[in-house]
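A short worksheet on the structure shown next.
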Amino acid sequence: MNVAKGRSLAALLLITYLLLPVNAAASVRHIWAVNDGEKVDRDDLNNPNKSSNSAWDGHTIKIFGARNEIISFQLIVEAAEEGIKQLAVALPELRQQSDRARITYAPPALDPTNYAGRPIQVFSINYMHVETPSHADWVFKPGSPAAPKNPMGWKPVQLVPENAKVGRGGFPLQVAPSQNQGVWIEVYTNKNLPAGIYRGQINVNADDQKQTIPIELELFDFTLPDRNSMDAMVYYESFQPVMYQGRNLDAQYNRFAHRQRIELVHEYNLETAAAAKGRFNGHDFTKALGYEGPGEGVGNRIIPRTFYGPGTDFDERKRVATRRRVDDLHHPEFS
């Protein structure tokens, strides 16, 4: 083999290596990443995004966004035949090339919605086994092109803060043999950061076998507004956390929703709206109350009077009929 052919073969082998998912030793078979718009099943070991996608070139995680934005991606760790007994993932910082600015991780408090001073958030992805396809025909017709192609199996459904209880989604995680474990990472780019390229390393520790995955953030030179151009709402009932988590968590859930640029809503009257005025004048979404992110100091705008039907408050006929009955009671005939 001549020198030219030898160099060509070496270059080909290097390119092939870089295009493959990152391999790890011992209990980890592969590590790769994907954007925040994909759902990777727990047992999907042949996902088409594994070799490359918009957030992954086979070697480096590449994300981008503007200032005042939550930028998210998923790290997928695939366990080998023996599984993983203890898995932890961390992103210590993202540093600008010129070292002018950094986005630095701080560990979560007991309340994971205390976002002040915590621009990097890390969550484990929890999976639920779906045994029967949904028949939500008001969203899609089952069997139609709009219906999910693979509705059953182990689906990613919840994000669990890294400091939750061990065994309940908190680090370190256990991963069954030949299964995926997703880790969701969010980065908040505050309004004062200079534009440019930020780089860092994601640390993966699986059964004391350590590996780093390079990450690159391209921050564009513009800032997203705090006020949303479109109002999005999700129905919320205060008694649900009381029932299932043992206490009222309105402030926490509203902070979480606000950071994702949506509003939690339910029916209000004058008294309940006045009691929640901090939610609407923006006071609830300030650093003093643990909030940092998009819409800081900006209040919610949607205050429904009723929900899931108008109720009877706006039934003019009923009010007229009621008034007539009251008038009849005062008629001389009844005196």
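Only one of (1) in contact with a strand residue (DSSP E or B) (Cβ under 6 Å, 6 or more places away or on another chain); (2) at pLDDT 95 or above fails for Ser178. Which number is that?
Among (1) in contact with a strand residue (DSSP E or B) (Cβ under 6 Å, 6 or more places away or on another chain); (2) at pLDDT 95 or above, Ser178 violates only (1).
Sort through Thr223, Thr272 and tell me the only one that's among the hydroxyl-bearing types (Ser, Thr, Tyr) and out of contact with any Lys or Arg (no Cβ under 7 Å at 6 or more places or on another chain).
Just one listed residue meets the conditions, Thr272.
Could you say whether any residue in region 253-266 is assigned to a loop (DSSP other than H, G, I, E, B), touching an Asp or Glu at 6+ places or on another chain (Cβ under 8 Å) and not assigned by TED's automatic domain parsing to the domain that holds Leu110?
Yes, the conditions are met somewhere in region 253-266.
Name, by its number, the condition in (1) assigned to a loop (DSSP other than H, G, I, E, B); (2) among the β-branched types (Val, Ile, Thr); (3) touching a Leu at 6+ places or on another chain (Cβ under 9 Å) that does not hold for Thr132.
Looking at each condition in turn, Thr132 falls short on (3).
Return the pair list, or none, for Cβ contacts closer than 7 Å from residues in region 302-315 that are more than 15 Å from Glu237 (Cβ to Cβ) and in the same structural domain as Gly278 (by TED's automatic domain parsing) to residues that are at pLDDT below 85 and not in a loop (DSSP other than H, G, I, E, B), at least 6 apart or on different chains.
Close Cβ pairs (under 7 Å, with a partner that is at pLDDT below 85 and not in a loop (DSSP other than H, G, I, E, B)) amount to Thr312/Lys318.
Assigned by TED's automatic domain parsing to the domain that holds Leu45, more than 18 Å from Leu75 (Cβ to Cβ) and touching a residue at least 24 places away in the same chain (Cβ under 8 Å) - does that describe any residue in region 135-149?
Among the residues of region 135-149, not one is assigned by TED's automatic domain parsing to the domain that holds Leu45, more than 18 Å from Leu75 (Cβ to Cβ) and touching a residue at least 24 places away in the same chain (Cβ under 8 Å), which makes the answer no.
Would you point out the residue of region 234-255, among those that are among the polar types (S, T, N, Q) and in contact with a helix residue (DSSP H, G or I) (Cβ under 9 Å, 6 or more places away or on another chain), that is surrounded by the most Cβ atoms within 10 Å (Cβ to Cβ)?
So, considering only residues that are among the polar types (S, T, N, Q) and in contact with a helix residue (DSSP H, G or I) (Cβ under 9 Å, 6 or more places away or on another chain), the one surrounded by the most Cβ atoms within 10 Å (Cβ to Cβ) is Asn254.
State yes or no: is Ser98 within 22 Å of Val157 (Cα to Cα), in the same structural domain as Val183 (by TED's automatic domain parsing) and not hydrophobic (A, V, I, L, M, F, W, C)?
No, not satisfied.
Go through region 284-297 residue by residue and tally those that are in a loop (DSSP other than H, G, I, E, B) and either of a type outside the set (Val, Ile, Thr) or buried (at least 16 other Cβ atoms within 10 Å of the Cβ) (or both).
8
Among the residues of region 84-110, count how many are at pLDDT below 95 and acidic (Asp, Glu).
Result for region 84-110: 1.
What residue, of Arg259, Arg168, is surrounded by 15 or more Cβ atoms within 10 Å (Cβ to Cβ) and either within 17 Å of Ser72 (Cβ to Cβ) or under 21 Å from the mean Cα position of the chain (by Cα) (or both)?
Just a single option satisfies the conditions, and that option is Arg259.
One line per residue, one yes/no per condition, for (1) of a type outside the set (Gly, Ala, Ser); (2) closer than 14 Å to Glu216 by Cβ; (3) surrounded by fewer than 16 Cβ atoms within 10 Å (Cβ to Cβ):
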position: Trp32; (1), (2), (3): yes, no, no
position: Lys39; (1), (2), (3): yes, no, yes
position: Asp43; (1), (2), (3): yes, no, yes
position: Ala55; (1), (2), (3): no, yes, no
position: Ile61; (1), (2), (3): yes, yes, no
position: Gln74; (1), (2), (3): yes, no, no
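Taking the criterion of being over 30 Å from Gly153 (Cα atoms), within 20 Å of the chain's Cα centre (by Cα) and crowded, with 17+ Cβ neighbours inside 10 Å, would at least one residue in region 191-214 satisfy it?
Within region 191-214, not a single residue is over 30 Å from Gly153 (Cα atoms), within 20 Å of the chain's Cα centre (by Cα) and crowded, with 17+ Cβ neighbours inside 10 Å.
Do we have Asp231 as surrounded by 12 or more Cβ atoms within 10 Å (Cβ to Cβ), touching a Pro at 6+ places or on another chain (Cβ under 7 Å) and under 24 Å from Ser72 (Cα atoms) here?
No.
Does region 230-248 contain any residue that is assigned to a loop (DSSP other than H, G, I, E, B), out of contact with any Ser or Thr (no Cβ under 9 Å at 6 or more places or on another chain), touching a residue at least 12 places away in the same chain (Cβ under 8 Å) and under 24 Å from Ala55 (Cβ atoms)?
Yes, there is a match, as at least one residue in region 230-248 is assigned to a loop (DSSP other than H, G, I, E, B), out of contact with any Ser or Thr (no Cβ under 9 Å at 6 or more places or on another chain), touching a residue at least 12 places away in the same chain (Cβ under 8 Å) and under 24 Å from Ala55 (Cβ atoms).
State which residue pairs qualify: first residue of a type in the set (A, V, I, L, M) and inside region 276-288, second residue at pLDDT below 95 and surrounded by 17 or more Cβ atoms within 10 Å (Cβ to Cβ) in any location, beta carbons under 8 Å apart, and separation of 6 or more residues or different chains.
Close Cβ pairs (under 8 Å, with a partner that is at pLDDT below 95 and surrounded by 17 or more Cβ atoms within 10 Å (Cβ to Cβ)) amount to Ala276/Tyr268.
The values are calculated or read from the model by the stated rules, or taken from the named source; none is laboratory data. From a predicted model like this one, the values you see are computed outputs, not experimental measurements. Here the Cβ is made from the backbone with ideal geometry for all residues, glycine too, and neighbour counts use every protein chain on show.
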